[in-house]
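First comes the structure, then the notes that go with it.
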DNA sequence: AATGAATGAGAATTCATTCAT
DNA sequence: CATGAATGAATTCTCATTCAT
């Protein structure tokens, strides 16, 4: 029998890591970080409690991993050219994709806002959060400047706040929130 | 010694209740609900752990009380005539007061969003939350209708989302968030 | 009924503290620090696990307390005048009392040597240990100097080593170790 | 390829066993038995955790092996003629070698005293310990008898205690302990 | 009313050991 | 022979809540 290659092992590890993260994502979203125990996660993932610690060094580490994975998934939408310059089309695409992701990744966004509003949890995610978010703000500011918005800095902040607010309102009551119409309205406002 | 009247007792009780709630508000905002222990609260309030349970049924009950007190404080701003009809001046006043309260009651808002984004905490606050928020939405919708906004329902939702988003962004980074300029922009947009 | 005074409360606390320390001493000596769980101690003391942490902030803290209590009990034997000068009679008394304490406090000495020889445990007891032991060495050195021993420093070290060695040998096999005769021999050698 | 002979296999096994034991010795001495995990040992030895169990039945078995190897290394110094009779020269040689070994094998002695003073660890090493130590005592007793010491039994115990005490004191503070001068003093006392 | 000692369920984490590959 | 993923029992510690005083 051919011995398993190192690569195959790596793939197995990676897929189990993903499995654990998905279980955690689901439960964190459903019950919140503090009310989700390692035990619950391991049951959900169908593994033993101990094994968790083979893949993540603590519950906090697991949260961090889940949060950053979600943020990164979101950020790739942004400025697809990676040229630091946002065209009107790109912004429209970004907004559309954002709304799409709000809908599909609702679990992630629940965790995301939980992280933002819980001091102890925010502490865990820490500085790295700002490292990621700040460049995005820069690019938006640049966009508003080029498009002759009166006060680009303010506009950027307002835009960010609006998306956050929409997201948090959608999360609160997904059934009744008119996501599609809100999306059209936002696109209309900004492009 | 003159026996204390029942009224004096009530006043003492009420003021101690307030003391506990203020201590809790401060600590929940600083450390989060889960990382604030009953012990910490009682130390902050200068009373014993046991006495807490004389005023609040449980830690959850205390949270609920703190949250609803804050919401009520906020709601009295709204529609001062209680006539269910919002004038342009009243809306402007409402926005201004909202921004004022965002700044002065930052501790409350931290808890508020923590409540919104933590499923278990939201569960505690429960239905009563919607009972309070829904009428406000109705009044706003009515305002947008009377002022010929194209889609009052959407506009209401967008307005709510925007305020929520502004608040959450301010909370995250109060030092750098341009609250005053954002306020002007919002007033300009809606009145 | 007369209300309990604060002093009575303090006494109750103190006696419970002692109870826990005695239980811990017994079990640490019997099973060693690592093989004695907080659970075992609380059962032995007839209290709940949680209550332990009302009196000691951790298992390590409990160990520290037990060890220092034992060391202090031992040190009061030394130089009863507190004049820093040891007479021949005082040394004889010290040796006699030491042997007495070796016999009666065997549990403590087991822990003591466990602490000395387990790096992680020694770390817990830490610097405070040397703060206590060093002055004793000084006084002994002074004694040997005044009594014209050839090399007081060496003699001090040898004396300390001998007592440690006797103690550890007694602990290992109390039934068969001729403690009384060894004591006479030591007195004869040093006074 | 030439098949490996059984003898070669044995040699490889033996050398790997030694490697593991050396790693364990080093880590047990540094961190103590309980704070050294199988994982740490296997990393130190550059092998897998699983392989450890191919060479040693358990962690306890590994400790036992390490301790007995050290004791045996020490015992061969003793009575080189194996005639059960110790000459004055042999005793001097024995003392000198003992002090030499105290210095070079400090890691072992740390473990040794840890074993002596930790009940659970002593239990592991068990009876075999006494089987080894008792004959040595016999030979020393015989020596003191032949050399007209007043009470050979007591003298033997005292001698053993002194060496143990010296060793434990050296271990505690190798930098400052005057090992060489103590050695001269001991030789002077006993030969 | 007021206290804080006491409880005990439950949390995160560790680690010796096993076993499929 | 060699690996390291997987297990699960055991451990320390926390904390909301109760209750005798």
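Each value in this text was obtained by applying a stated rule to the coordinates, not by laboratory testing. Nothing here was measured: the structure is a model prediction, and the numbers come from that model. All Cβ positions, even for glycine, are placed from backbone atoms using ideal geometry, and neighbour counts span all protein chains on display.
Annotations
- Inter-copy label distances at residue B:72 (7 Å, Cα→Cβ; nm, one decimal): 4.8, 5.3, 8.2
- Candidates B:91, B:27, B:51, ranked by Gaussian network fluctuation over chain B, Cα under 10 Å, top entry: B:51
- Once the gyration tensor of the Cα atoms in region A:60-118 is diagonalised, the equivalent ellipsoid follows with semi-axes of 24, 13, 9 Å, ordered largest first.
- Share of alpha-carbon pairs per 20 Å distance bin for the protein assembly as shown, given as whole %: 12, 31, 25, 22, 9, 1, 0
- GNM result for chain A, Cα springs below 10 Å: residue of A:83, A:61, A:105 fluctuating most strongly: A:83
- Peptide B:31-44, shielding by other chains (average Cβ, 10 Å cutoff): 2
- Efficiency of FRET from Cβ geometry, residue A:12 and residue B:13, R₀ 56 Å, rounded to 0.05: 0.35
- Computed from the Cβ-Cβ distance with R0 of 35 Å, the FRET efficiency linking residue D:85 to residue C:187 stands at 0.65.
- Computed from the C-beta positions of residue D:173 and residue C:147 and an R0 of 30 Å, the FRET efficiency is 0.75 to the nearest 0.05.
- Once you reduce region B:143-175 and region C:121-191 to the center of their Cα atoms, the two points are 80 Å from each other.
- Within the listed set D:149, D:68, D:94, the Gaussian network model of chain D (springs between alpha-carbon atoms below 10 Å) gives the highest mean-square fluctuation for D:149.
- Scaled against 2.2 N^0.38 Å for its residue count N, the alpha carbon radius of gyration of region A:1-56 is 1.32.
- In the frame of its principal axes, region B:16-93 has Cα extents of 48, 24, 19 Å, reported largest first.
- Per residue, chain C reaches -25000 deg cm²/dmol at 222 nm when only DSSP H runs of four or more residues are counted, each adding -39500 (n - 2.57).
- Acute angle (nearest 10 degrees) that the helix A:179-190 long axis makes with the longest principal axis of chain A, alpha-carbon atoms: 50
- Residue-averaged beta-carbon neighbours from other chains (10 angstrom radius) around C:166-178: 4
- Taking the label point 7 Å along Cα→Cβ, residue D:10 and its counterparts in the other copies are spaced 4.3, 7.4, 9.8 nm apart, in ascending order.
- Rg/Rh for region A:135-182, where both radii come from Cα atoms and Rh is the Kirkwood radius: 1.12
- Inter-copy label distances at residue D:132 (7 Å, Cα→Cβ; nm, one decimal): 3.2, 5.7, 7.4
- Closest approach to the C/D rotation axis among chain C Cβ atoms, residue and whole-Å value: C:165, 1
- For region B:67-190: rounded, prolate or oblate by the Cα gyration tensor [a/c cutoff 1.5]: oblate
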